Amino acid sequence: MTFDVTTPNRDPALWHPLVVTSWGLLQPELEKALHCRTIVNEGYRPDARQAWLFGAGRTGMQLAAFHLDTALARPIEPKVTNAWSAKTSAHGYVLPQCTAEWPDGIPASAALDIIVLGADGKPWTKDDPWDAFVALTTDGGPLTKFGLIHFRAVGKQVWDKPHLQLIGWSDAQHTLLL
């Protein structure tokens, strides 16, 4: 399967089954609590897209340090990710089974990027209730019971507000611990 690196993938067939179930339970509760719509912006992310995203906000020299194509550098854009490879991101998780179509493993994203649509119904505007979204889905917030949570380093604020990942995802080991 080929992917356009500039386009987010929203196909739930490429999400881990636990993500599919968790999002199905979480979304209506989020919308009820936030009084607005929520939609998935991205689930599974192949390595080529992850490298393209990593190029945002970085120079060619910075990409070369990770053995990435320096043509992906877009230093004037804001940084959007610290994961240089899908193998280090919950978005790029794959099941260890290989097939002819998926020789490197079957995609099973352990993360989703969510868009919270505020009163104007448009994404990424000032009226979007990001703080409430984060509070509901971080550190034992009332909606973490559905299995998707924000990650953050101890003592630091959530910096990637759209990103939710399975509770069992290990950022240290870059794998799903069940």
Sole residue being over 23 Å from residue 16 (Cα atoms) and at pLDDT 90 or above, chosen from 141, 147, 121: 121
Top-ranked residue in segment 42-73 [being part of a loop (DSSP other than H, G, I, E, B) and of a type in the set (D, E, K, R); ranked as farthest from residue 136 (Cα to Cα)]: 69
Filter result for residue 70 (in contact with a helix residue (DSSP H, G or I) (Cβ under 7 Å, 6 or more places away or on another chain) and surrounded by 18 or more Cβ atoms within 10 Å (Cβ to Cβ)): no
Check on residue 10, within 21 Å of residue 133 (Cβ to Cβ), open to solvent by 30 Å² or more (accessible area, probe 1.4 Å) and in a loop (DSSP other than H, G, I, E, B): yes
Which listed residue is open to solvent by less than 80 Å² (accessible area, probe 1.4 Å) and assigned to a loop (DSSP other than H, G, I, E, B), from 158, 154: 158
Residue satisfying condition, being β-branched (Val, Ile, Thr), without any contact (Cβ under 8 Å) to a residue 60 or more places away in the chain and either in contact with a helix residue (DSSP H, G or I) (Cβ under 9 Å, 6 or more places away or on another chain) or open to solvent by 40 Å² or more (accessible area, probe 1.4 Å) (or both), within set 144, 137, 88: 144
Candidates 39, 115, 76 - the one that is over 26 Å from residue 172 (Cβ atoms) and assigned to a loop (DSSP other than H, G, I, E, B): 76
The listed residue being under 16 Å from the mean Cα position of the chain (by Cα), loosely packed, with under 13 Cβ neighbours inside 10 Å, of a type outside the set (D, E, K, R) and over 23 Å from residue 123 (Cα atoms), out of 17, 107, 103, 46: 17
Residue 80 vs. criteria open to solvent by less than 30 Å² (accessible area, probe 1.4 Å) and among the hydrophobic types (A, V, I, L, M, F, W, C): no
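The values are calculated or read from the model by the stated rules, or taken from the named source; none is laboratory data. Because the structure is predicted, anything quoted here is derived from the model rather than measured. For neighbour counting, all protein chains shown are included, and Cβ atoms are generated from backbone atoms with ideal geometry for every residue, glycine included. Areas reflect the complete protein model, heavy atoms only, side chains present, ligands, DNA and RNA absent. Shrake-Rupley method; radii C 1.70, N 1.55, O 1.52, S 1.80 Å.
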